[in-house]
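Q: Got a structure for you, questions after.
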Protein chains: 2
Amino acid sequence: MEKHTITIYDVAREADVSMATVSRVVNGNPNVKPTTRKKVLEVIERLDYRPNAVARGLASKRTTTVGVIIPNVTNIYFSSLARGIDDVATMYKYNIILENSDGNSRKEISVLNTLLAKQVDGIIYMGNSISSELRSQFAHSKTPIVLAGSIDDQEEFGSVHIDYAAAIEEAVADLLNHGNQRIAFISGPLKEPINGKYRLAGYKKILAKNGIEFDPELIFETDYSYHAGEMLWPAIVSAKATAAVVGDDELAAGVLNGAQDAGVKVPQDFEIVTSNNSKITEIVRPKLSSITQPLYDIGAVSMRYLTKLMNKEEIAEKTVELPYGFIKRSSTK
Amino acid sequence: MEKHTITIYDVAREADVSMATVSRVVNGNPNVKPTTRKKVLEVIERLDYRPNAVARGLASKRTTTVGVIIPNVTNIYFSSLARGIDDVATMYKYNIILENSDGNSRKEISVLNTLLAKQVDGIIYMGNSISSELRSQFAHSKTPIVLAGSIDDQEEFGSVHIDYAAAIEEAVADLLNHGNQRIAFISGPLKEPINGKYRLAGYKKILAKNGIEFDPELIFETDYSYHAGEMLWPAIVSAKATAAVVGDDELAAGVLNGAQDAGVKVPQDFEIVTSNNSKITEIVRPKLSSITQPLYDIGAVSMRYLTKLMNKEEIAEKTVELPYGFIKRSSTK
DNA sequence: CTGAAAGCGCTAACAA
DNA sequence: TTGTTAGCGCTTTCAG
C-alpha cells in the first residue's frame, strides 16, 4: 500500500463536506458554520493535511513569494537590507527567493526572467545601476517592483533610500570644519548614479558653498572591496588629501588600514568618514565616524511598500526617503 | 480587448502542433523533428511565451527550488556559505528560498513547514543545534536535506563541514608551542555540539597530550556577537589566560579589541586565534591568525550534494569533510 | 452556509 | 515523431 500525499479531497471525504468547504476553512473564510469548521479542522489535524502551495498558486494566481535581486549576500550592506526585507516578508506571509546578481546586468536580466517564470508576486531590486535593458524588462512586466537602498535616477520605480547627496554634504561639512581643504571623495563606480550623480553632487555642492574649488584629482573611483581601499593609499598621498569621505564601509576600512599600515595617524594626520554605519565601523580601530542609515529599516520599509503595491493600494509618493544621521567616532577630529 | 497571459496552448495553436510537442521543445526533449522544433521556437519567440513554473511544478511534482534555512544572513560566516549554495544552485537550475531562523528552534520548525508547503525539492540547513522536534520533522518528510557548515552529533543527515576538533587541536598546539599554559576557550553556546562536543574535545585532547590539566575556568561560553567578545576581557584577565582560541570571528574581533582597548599588546601580552577566516580577520589590527575553512566551498559542496540526493543518486559517505588549514597572521607570535 | 464544477498551465503516459 | 487525454491540488464563480 503506497501512502499518497493527502489532499484537500481526502479531507473533504473524511469530513463529509465538499472541497470548497475545506478550502474555506483553510483560508479562514468566515462563511463556514462553526460546527462544520470544527469538524474539518479535526480531520485536518488527524490526517496531518498540509495545503500544497504550488497548487494554490496555480489556482489563485498568487504565489505569496517575492523575488529579491541582490548584488551579493556576502556584502554586509546588502545583507542588512535583506534581513529587513525577509522579516517583514515573513510578517506578511511572503517568502523570499534570493538571487545574487553581482551587479552584473546580464545576470540581473536572467535572474529577473527566472523570477518572473516562478510567478513571484513582486520583486525587490538592490543594485546601483539599472541598465536600460533591465529597465525595459521591468517596465514590461506587470509585476510590482521596488528598489531597496538603491536609487533610480529616472525615478521610474518605487524606491526607498536616504538622501545620499545631503548626507555626504553633512559629512564633508564636518571635515571642512576641522580645517581640511583637500578632501578625497572615494567611491564605487561613478557610472552608478548613487556615486556619480548623488554623492558626488553633494560633495561638490558643499565645497562650492565653502568657496573651495573642485579638484578632479581628489576623486577616487574604485570597486567596493576592502582590498581596493587598502591599495589606494599611495594615490591618496600623491593627491595631497588630508581627509576622505568614503562611499562604502569595507572600502573605508581598507583606506583606514592602508593609511595606518603606512604609518599615518588617524585622525591626527588624516581623517576618514564613511557612509553606511555597518558593524565594520565599530570593529576597526580607530572606529569609523559614519553617516548613519537605517539599513534594516530600509529593507523593511521596501518590503512593506511592496506589499501595498501587490495589494494594488495607492501609494502617495513613489520615493520614500528615510532619515539619515551622522555619528562621530574616532576617525575624525 | 483584455490581453491574457499566453500559454502553451496558444503556442500550440499558432504553431499548429499539439501542446505536448510544445512542451517537448520547451523541455529540450530530443524526440522532435528539427523542422517542427524550429517552427515552435519561432512562435515562442514571436509570442514571447514564458513557461509558467508554478504550473510546471504542479504537473511534474518538481519545483526546482530548494529551501535554505539560515540563522542570520547578516552573519558573514553564514552568508559566505549561502553564496556558495546559491551559485551552484543556479548552476543546476535551482532557485533558493531563503529563511532566517535566528537559530531559534521554534522559528526553524515554522520555516520548515512553509518550505515544505511550497514543495521545495530539497533543503539546506545551517544551524548549530538540531532540536529533537526539528529532527523528527526532518525525518518524517520525504524531502532530502543536507547540513551546511553545521554538524549533527547523531549523524542522521548528510552534512558537509570540516573536522572542528582537529582544527582546534592544531590551533591550540600552536599557542602551546609559544609557551602559553593557560589558554582560554571562547565559543558560542556549549549546548551546540559544534562547540560543546567537537571543538571542546579538540581543546581538551591537545591539552592532555601536553600534560596540561584542564581548567573549567578557562572556558567562556557566550553568544556570537562582536559585543560579547568585547565585554569578555575582564573575565579573561581574572582567569589569568595568556591566549585564547575563539570559535567565531566576530567574537574574536571583540576579544581582540577588548584587550587592546584595555591596553594590552597583542600578540606580545596576549595571543588570539580564531576559527573561520572570514574577511574580518584581515580587517582588524593586528590581523587575526585563524583556522581556515573553505566557506564558499562548503556551501557549494552542500548544494551539489543535495542535487545528488534530489536525483536519488547513491552517496557513498553521509558526511563530507572538507580540508581545513591554519593561517598565521599577527595575533599570534 | 454549502456544494458542484470549471478551470489554473503544464507534464506524462499512452496511443497512433 | 506527434497527438490525446488525464490529471497535479487547489480556488473560485455560480447555484442553491
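Q: Towards the positive end of the charge dipole of chain B, with charges on Cβ (+1 Lys, Arg; -1 Asp, Glu), say which of B:V32, B:I280, B:S79 has the farthest Cα.
A: B:V32
Q: Here's a follow-up. What is the magnitude of the charge dipole of segment A:8-51 about its Cα centre, with +1 placed on the Cβ of each Lys and Arg, -1 on the Cβ of each Asp and Glu, and no other charges, expressed in debye to the nearest 20?
A: 200
Q: Let me ask something additional. Would you mind listing the distances between the A:E133 label point and the same position in each other copy? Use 7 Å along Cα-to-C-beta, nm, one decimal, shortest first.
A: 4.9
Q: How well do other chains shield peptide A:53-60, expressed as the mean number of their Cβ atoms within 10 Å of each residue Cβ?
A: 6
Q: Using only Cα atoms, locate the centre of segment B:11-78 and the centre of segment A:54-132, then give the distance between them in Å, rounded to an integer.
A: Centre-to-centre distance over Cα atoms comes out at 20 Å.
Q: Can you give the convex hull volume per residue for the Cα atoms of chain B, as a whole number of Å³? It would help to have the intermediate numbers written out before the result.
A: Details: hull volume 56.6 nm³, N = 333.
Residue-normalised Cα hull volume stands at 170 Å³.
Q: Using just the alpha carbons, could you tell me how many Å³ per residue the convex hull of segment B:164-292 encloses?
A: Values: hull volume 11.3 nm³, N = 129.
Given the Cα convex hull of segment B:164-292, per-residue volume reads 88 Å³.
Q: Hey, with R₀ at 35 Å, roughly what FRET efficiency would B:I109 and A:N31 work out to, going by the Cβ-Cβ distance, to 0.05? Mind dumping the intermediate values first?
A: Working: r = 31 Å, r/R0 = 0.89.
Using R0 = 35 Å, I get an efficiency of 0.65.
Q: Right, here's the next one. Using only the Cα atoms of the protein assembly as shown, what do you get for the radius of gyration and for Dmax, in Å?
A: Every Cα atom of the protein assembly as shown included, Rg and Dmax give 27.7, 86 Å.
Q: Can you tell me which aspartates and glutamates have their Cα less than 14 Å from the Cα of B:K308? Leave out same-chain residues fewer than eight positions away.
A: B:D121, B:E317
Q: Separate question: Restricting to lysines 8 or more places apart or on different chains, can you count the pairs in segment B:76-202 with Cα atoms under 28 Å from each other?
A: 8
Q: Average partner chain C-beta neighbours within 10 Å, per residue of A:70-82?
A: 5
Q: While we're here: Residue by residue through segment B:219-235, what is 3J(HN,Hα) from phi via Karplus (6.51 cos²θ - 1.76 cosθ + 1.60, θ = phi - 60°)? Round to whole Hz and write x for glycine and proline.
A: Those phi angles translate into 8, 10, 9, 8, 9, 8, 8, 4, 4, 4, x, 4, 6, 6, 3, x, 5 Hz.
Q: For A:E221, which inter-copy label distances result when the label point lies 7 Å beyond Cα on the Cα-to-Cβ vector, reported in nm to one decimal and in ascending order?
A: Ordered by distance, the counterparts are at 5.5 nm.
Q: Over chain A, calculate the relative contact order: mean separation of alpha carbon pairs under 8 Å at least 6 apart, over the residue count, as a percent.
A: In percent, rounded to a whole number, it is 17.
Q: Arranged from highest to lowest average of other beta-carbon atoms within 10 Å per residue, in what order do the peptides B:91-98, B:25-32 appear?
A: B:91-98, B:25-32
Q: Another question about this same structure. Given a Förster radius of 51 Å and the C-beta distance between A:K197 and B:D87 as r, what FRET efficiency does 1/(1 + (r/R0)^6) yield to the nearest 0.05? Don't skip to the end; give the middle numbers.
A: Details: r = 31 Å, r/R0 = 0.62.
About 0.95, to the nearest 0.05.
Q: Can I ask one more? Between copies, how far apart are the A:E42 label points? List them in nm, one decimal, shortest first, with each point 7 Å from Cα toward Cβ, please?
A: Relative to the other copies, A:E42 has label-point distances of 6.4 nm.
Q: Can you tell me the FRET efficiency between A:L322 and B:N210 if r is taken as the Cβ-Cβ distance and R0 is 45 Å, rounded to the nearest 0.05? Kindly include the intermediate steps, with their values, before the conclusion.
A: Details: r = 55 Å, r/R0 = 1.23.
After rounding, the FRET efficiency stands at 0.25.
Q: If you take each beta carbon of peptide A:162-173 and count the beta carbons of other chains within 10 angstrom, what is the mean?
A: Counting other chains' Cβ atoms within 10 Å and averaging over A:162-173 gives 0.
Q: What list of ³J(HN,Hα) couplings, whole Hz, do you get for segment A:135-152 from phi and the Karplus terms 6.51, -1.76, 1.60, once you set θ to phi - 60° and write x for glycine and proline?
A: 4, 6, 5, 4, 4, 5, 6, 7, 6, x, 8, 9, 9, 10, x, 9, 9, 10
Q: Is the C-alpha gyration tensor of segment B:68-133 telling us rounded, prolate or oblate? Criteria: a/c under 1.5 is rounded; beyond that, a/b larger than b/c is prolate, otherwise oblate. Can you show the working numbers first?
A: Details: a/c = 2.29, a/b = 1.22, b/c = 1.88.
Here segment B:68-133 falls in the oblate category.
Q: Continuing with the same structure: Please report the spacing between the Cα centers of segment A:280-324 and segment B:213-235 in Å, no decimals.
A: Segment A:280-324 and segment B:213-235 have Cα centres separated by 34 Å.
Only the coordinates and a few stated rules stand behind these numbers; no lab work does. Just so we're clear, the structure is a prediction, and the values are computed from it rather than from any experiment. Glycine gets a Cβ as well: all are built from the backbone with ideal geometry, and neighbour counts include every protein chain shown.
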